[in-house]
Amino acid sequence: MTSSDGLRNLTVRTGAATKKVSPTLFGLFLEDINFACDGGLNANLVNNYSFDGVYLVNGVIPYLPLELVPEEHRERLANTPPELLTTPANTPAGRLVDHLRHWTIQDGRIEASEEKPIAPGAGFARVESAGSARLENLGYPGNRPGMPFATGRPLLFSTFVRADDFIGAVEVRLLDLERRVVAAGVLPSTGSGWQEAELRLVPTATGLGSLQLVLNGSGRLDLDEVKLIPTDHWGADNPRWGQGRLRRDLVETMAALAPRFLRFPGGCIVEGCGDGSHYDWKKTVGRLETRRQEYNLWGQARADGDYSQSNQVGFYEYFLLCEDLGMEPVPVVWAGISCQTRMDKHLSMESPEFATVVQDAVDLIDWATGDPATSPWAALRAEAGHPDPFPLRYLGIGNENFGPEYLEHFARIKEAVDQLHPGLTTIVTGGVVPSGERVDPAWTDWGHDAQILVDEHFYNSPAWFLNSTDRYDGYPRGGAKVFLGEYAAHLSYDLGDRNPAVPESLLAPEPNTWLSALAEAAFLTGVERNSDIVGFCCYAPLLNLVENGQWPHNLIDFSPTEVVRTTNYLVQELFATRIGERIVPVDGDLPTTMFASASIGKGMLHIKLVNTGSSALDVALQIDRALDCTAEAVLLHGPLDAINRLAFDSTPRISIQPERSDYAVRGGEVTLHLEATSVLALSVHVEDVG
Ligand code: AHR
């Protein structure tokens with residue numbers, strides 16, 4: 001314990017708790033960036049499993065204008081033809097269907113075919129073997145063996161196969177990095193035509209590796225929908241989870257944040273690049289074999305444009321996950337406007353294409369909540385495995401769109417939604433908000449409407465977060481509320497817009513430092529204090545396959561085998577899991593480097609104290625209605641540059657983790673010790689006054 005810089009007195013007025021904490025305050029935002037879905041949450045380890053991968057021809061093209069790209073990143077662009085540097089990578093010419101990417105063959109031959117596929121429009125692989133052929137897949141990210149396996153942990157291999165013209169056997173193997181066989185089995189023979197065949201593999205070692213199919217025999221073998229899934233995936237043995245499967249450790253790490261809602265699928269992914277690449281939920285809800293892949297616009301930040309969305313984690317899986325974790329679904333639909341920082345394209349309000357956009361929004365509600373007996377969309381939901389309706393109370397329309405055209409598009413879609421499904425709360429977006437000028441028009445148009453949430457996004461420096469803890473104190477009450485849909489404290493110049501006014505000392509030099517998390521904690525005291533007007537908040541992005549991300553700061557880092565809770569995650573966890581139902585005022589002599597919030601519910605008071613100063617502090621709390629008790633505290637602290645690190649192929653290095661301790665509360669008083677640069681949460685038993 002370090003010596004303190006004096007005693008501060010704070011009063012916690014539980015009796016003055018009148019305003020309600022939003023019951024949905026803390027949630028999550030999931031977007032398939034940084035291999036969050038394919039390569040992450042999607043438990044299928046096979047890359048380009050359906051031989052329909054779609055990529056970008058032109059990776060490395062930044063989505064920012066070149067002059068805003070930091071010098072060091074410009075180097076990456078050296079070999080890019082100059083004409084492409086001014087052309088967004090997302091023009092239709094950049095879209096590349098590559099059926100066989102991530103599959104290699106030795107001895108035999110492989111080609112893509114579309115002749116009599118298992119589902120209309122789907123490609124598949126035709127393998128020719130004259131005695132022997134070996135087909136291999138490295139998994140994700142695709143440029144190194146990335147399939148995890150562990151001794152005795154079974155995996156289920158499955159594939160659609162058509163073996164009418166093949167005589168022989170197919171052996172399925174898992175290879176380790178030294179190319180030793182760590183698990184193997186022979187695929188059961190199938191009847192004629194397309195058949196699904198499966199096989200259980202039980203590894204005899206632990207590590208990373210690849211999948212190999214060995215054709216011992218001659219002739220032509222057709223393959224599609226190849227899957228390799230650990231049998232302990234999330235939802236195992238639950239018939240609802242009959243389509244896409246999820247990686248268990250990632251779901252459990254999300255669940256530990258006690259999320260009350262999940263925003264999905266984006267993010268820029270919703271908006272697309274004006275070439276039909278916007279997110280089309282209708283392509284993500286049917287049986288897996290009917291879902292087609294689409295390029296992921298975050299492939300722009302990969303040297304080879306190599307990022308296909310397989311849609312195995314689609315809207316069907318999203319709604320199931322919400323159901324499993326008790327989260328409100330907050331789906332976001334396309335507003336008919338592409339990502340305006342990439343390519344500003346609008347569908348005209350009177351065009352048939354925009355009429356389809358409006359219909360798609362309405363159909364989503366039908367799909368989620370309708371009766372399978374009367375609605376074809378609801379029937380599709382039932383066929384996928386969920387006949388009962390899903391709850392749906394919120395709908396986001398557009399992401400980071402702005403300007404008068406967007407507000408018109410929003411109004412038209414909202415009108416259609418309201419007509420058919422009155423009572424749904426819609427979310428209008430105001431773009432990214434360094435200054436407020438984009439969010440303000442959304443508030444002007446919709447601020448009066450209590451059925452509206454206004455989506456605000458901040459990716460600003462830690463200094464901005466520290467200076468903005470009072471942001472919501474003056475927001476008008478009684479109308480629309482805030483949906484804080486994306487935020488994180490980090491170097492804004494990572495994203496191309498460094499503000500020279502921000503001193504170096506308050507810029508987080510590396511991603512996910514304790515400085516960034518501390519600044520977020522200070523900001524969250526302001527969010528909690530104003531949670532009568534801030535209805536929802538979620539950090540962004542959520543998941544990151546380390547060494548393969550497209551965004552520098554993320555909440556959860558993972559490798560094929562490990563999951564790391566960043567310092568920012570620990571702050572989220574502390575705030576989200578210790579929250580009451582009413583906001584409690586905290587008064588007293590708070591130094592400018594200290595921030596506080598409190599809430600009460602079910603006989604417990606939860607207090608958070610954030611000390612951003614470089615000296616420790618002792619804080620004497622006076623809590624009215626406190627019971628004499630032992631109160632549990634959780635402390636997070638460390639040097640500002642501390643990071644919980646993970647590399648792709650090694651074990652985590654954890655610098656910050658929660659420290660638990662007990663404090664005696666007597667006669668409504670307790671004195672706490674706050675280390676320098678720390679966050680402390682204390683939960684105290686109080687009289688339950690309802
Ligand atoms: O969270 C990453 C990106 O940041 C989102 O896709 C977009 O909405 C924002 O600009």
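The values are calculated or read from the model by the stated rules, or taken from the named source; none is laboratory data. Since the structure is predicted, the reported quantities are computational estimates derived from the model, not experimental observations. Because the Cβ atoms are built from the backbone with ideal geometry, glycine has one as well, and the counts that use them run over all protein chains shown. Ligands, DNA and RNA are excluded from the accessible area calculation, which covers all protein heavy atoms including side chains. Shrake-Rupley method; radii C 1.70, N 1.55, O 1.52, S 1.80 Å.
From the list 273, 268, 322, exactly one residue is away from the ligand (no atom under 16 Å from the Cβ) and either open to solvent by 10 Å² or more (accessible area, probe 1.4 Å) or in contact (Cβ under 8 Å) with a residue 24 or more places away in the chain (or both). Which is it?
The match here is 322.
Condition check ((1) closer than 28 Å to residue 56 by Cβ; (2) modelled with pLDDT of 95 or more) across all residues:
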| site | (1), (2) |
| --- | --- |
| 204 | no, yes |
| 210 | yes, yes |
| 221 | no, yes |
| 234 | no, yes |
| 266 | yes, no |
| 286 | yes, no |
| 289 | yes, no |
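In the range 7-37, what residues are within 16 Å of the ligand (Cβ to nearest atom) and either open to solvent by less than 10 Å² (accessible area, probe 1.4 Å) or within 11 Å of residue 312 (Cβ to Cβ) (or both)?
If the condition is that a residue be within 16 Å of the ligand (Cβ to nearest atom) and either open to solvent by less than 10 Å² (accessible area, probe 1.4 Å) or within 11 Å of residue 312 (Cβ to Cβ) (or both), then 27, 28, 29, 30, 32, 33, 34, 35, 36, 37 are the ones that fit.
Restricting to the range 325-341, what's the tally of residues that are polar (S, T, N, Q) and at positive phi?
0
Which residue, of 294, 328, 383, is open to solvent by 10 Å² or more (accessible area, probe 1.4 Å), farther than 23 Å from residue 411 by Cα and touching a Phe, Trp or Tyr at 6+ places or on another chain (Cβ under 7 Å)?
Answer to the selection: 328.
Condition first: under 10 Å from residue 335 (Cβ atoms), modelled with pLDDT under 95 and either of a type in the set (Val, Ile, Thr) or away from the ligand (no atom under 16 Å from the Cβ) (or both). Now tell me which residues in the range 379-406 satisfy that.
405
Going residue by residue through the range 136-143, is there one that turns out to be open to solvent by 10 Å² or more (accessible area, probe 1.4 Å) and polar (S, T, N, Q)?
Checked the range 136-143: at least one residue is open to solvent by 10 Å² or more (accessible area, probe 1.4 Å) and polar (S, T, N, Q).
Mind checking which residues of the range 276-286 are of a type in the set (S, T, N, Q) and within 16 Å of the ligand (Cβ to nearest atom)?
Result: 277, single match.
Just to be sure before I move on: is residue 585 surrounded by 22 or more Cβ atoms within 10 Å (Cβ to Cβ) and either out of contact with any Gly (no Cβ under 6 Å at 6 or more places or on another chain) or in the same structural domain as residue 267 (by TED's automatic domain parsing) (or both) in the structure I sent?
no
Collect the residues in the range 635-669 that are outside any loop (DSSP other than H, G, I, E, B) and under 30 Å from residue 207 (Cα atoms), keeping them in residue-number order.
Matches in the range 635-669: 645, 653.
Which number in (1) over 29 Å from residue 551 (Cβ atoms); (2) open to solvent by less than 50 Å² (accessible area, probe 1.4 Å); (3) in a helix (DSSP H, G or I) marks the one condition that residue 377 misses?
Result: residue 377 fails condition (2) only.
Just to be sure before I move on: is residue 314 under 22 Å from residue 44 (Cα atoms) and out of contact with any strand residue (DSSP E or B) (no Cβ under 9 Å at 6 or more places or on another chain) in the structure I sent?
Spelling it out, residue 314 is indeed under 22 Å from residue 44 (Cα atoms) and out of contact with any strand residue (DSSP E or B) (no Cβ under 9 Å at 6 or more places or on another chain).
In the range 357-374, which residues are open to solvent by 30 Å² or more (accessible area, probe 1.4 Å) and more than 24 Å from residue 442 (Cα to Cα)?
366, 369, 371, 372, 373, 374
Starting from the range 175-200, take each residue that is open to solvent by 90 Å² or more (accessible area, probe 1.4 Å) and list its partners that are polar (S, T, N, Q) and assigned to a strand (DSSP E or B), counting only C-beta distances under 7 angstrom and pairs at least six apart or across chains.
Short answer, once both residue conditions are applied: 196/158; 198/158.
Give the residue that is nearest to residue 339 (Cα to Cα), with candidates limited to residues of the range 438-459 that are within 16 Å of the ligand (Cβ to nearest atom) and at pLDDT below 85.
So, considering only residues that are within 16 Å of the ligand (Cβ to nearest atom) and at pLDDT below 85, the one nearest to residue 339 (Cα to Cα) is 438.
Just a yes or no: is a residue in the range 412-424 among the basic types (Lys, Arg) and either in a helix (DSSP H, G or I) or buried (at least 18 other Cβ atoms within 10 Å of the Cβ) (or both)?
yes
So which residues in the range 248-257 are more than 25 Å from residue 399 (Cβ to Cβ) and either hydroxyl-bearing (Ser, Thr, Tyr) or in a loop (DSSP other than H, G, I, E, B) (or both), if there are any at all?
Across the range 248-257, the qualifying residue is only 256.
Among 39, 27, which is the only one that is more than 30 Å from residue 160 (Cα to Cα), within 23 Å of the chain's Cα centre (by Cα), among the small types (Gly, Ala, Ser) and at pLDDT 95 or above?
Selected residue: 27, the only one of 39, 27 that is more than 30 Å from residue 160 (Cα to Cα), within 23 Å of the chain's Cα centre (by Cα), among the small types (Gly, Ala, Ser) and at pLDDT 95 or above.
Mind checking which pairs have a first residue in the range 242-253 that is closer than 15 Å to residue 315 by Cβ and a second that is surrounded by 16 or more Cβ atoms within 10 Å (Cβ to Cβ) and among the aromatic types (Phe, Trp, Tyr), Cβ under 6 Å, 6 or more apart or different chains?
243/316; 246/234
One line per residue, one yes/no per condition, for (1) crowded, with 19+ Cβ neighbours inside 10 Å; (2) over 11 Å from residue 428 (Cβ atoms); (3) small (Gly, Ala, Ser):
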{"site": "446", "(1), (2), (3)": "yes, no, no"}
{"site": "455", "(1), (2), (3)": "yes, no, no"}
{"site": "458", "(1), (2), (3)": "yes, yes, no"}
{"site": "462", "(1), (2), (3)": "yes, yes, no"}
{"site": "466", "(1), (2), (3)": "yes, yes, no"}
{"site": "471", "(1), (2), (3)": "yes, yes, no"}
{"site": "474", "(1), (2), (3)": "no, yes, yes"}
{"site": "480", "(1), (2), (3)": "yes, no, yes"}
{"site": "486", "(1), (2), (3)": "yes, yes, no"}
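Would you be able to tell me the number of residues in the range 302-319 that are within 14 Å of the ligand (Cβ to nearest atom) and open to solvent by less than 10 Å² (accessible area, probe 1.4 Å)?
1
Provide a single number: the residues in the range 616-634 that are surrounded by fewer than 18 Cβ atoms within 10 Å (Cβ to Cβ) and not in a strand (DSSP E or B).
3
List every residue pair whose Cβ atoms sit under 7 Å apart, with the two residues 6 or more apart in sequence or on different chains, where the first one lies in the range 387-402 and is open to solvent by less than 10 Å² (accessible area, probe 1.4 Å) and the second, anywhere, is basic (Lys, Arg) and more than 16 Å from the ligand (Cβ to nearest atom).
If the second residue must be basic (Lys, Arg) and more than 16 Å from the ligand (Cβ to nearest atom), the pairs left are 397/414.
Could you figure out which of (1) open to solvent by 30 Å² or more (accessible area, probe 1.4 Å); (2) modelled with pLDDT under 95 isn't true of residue 613?
The one condition residue 613 does not meet is (1).
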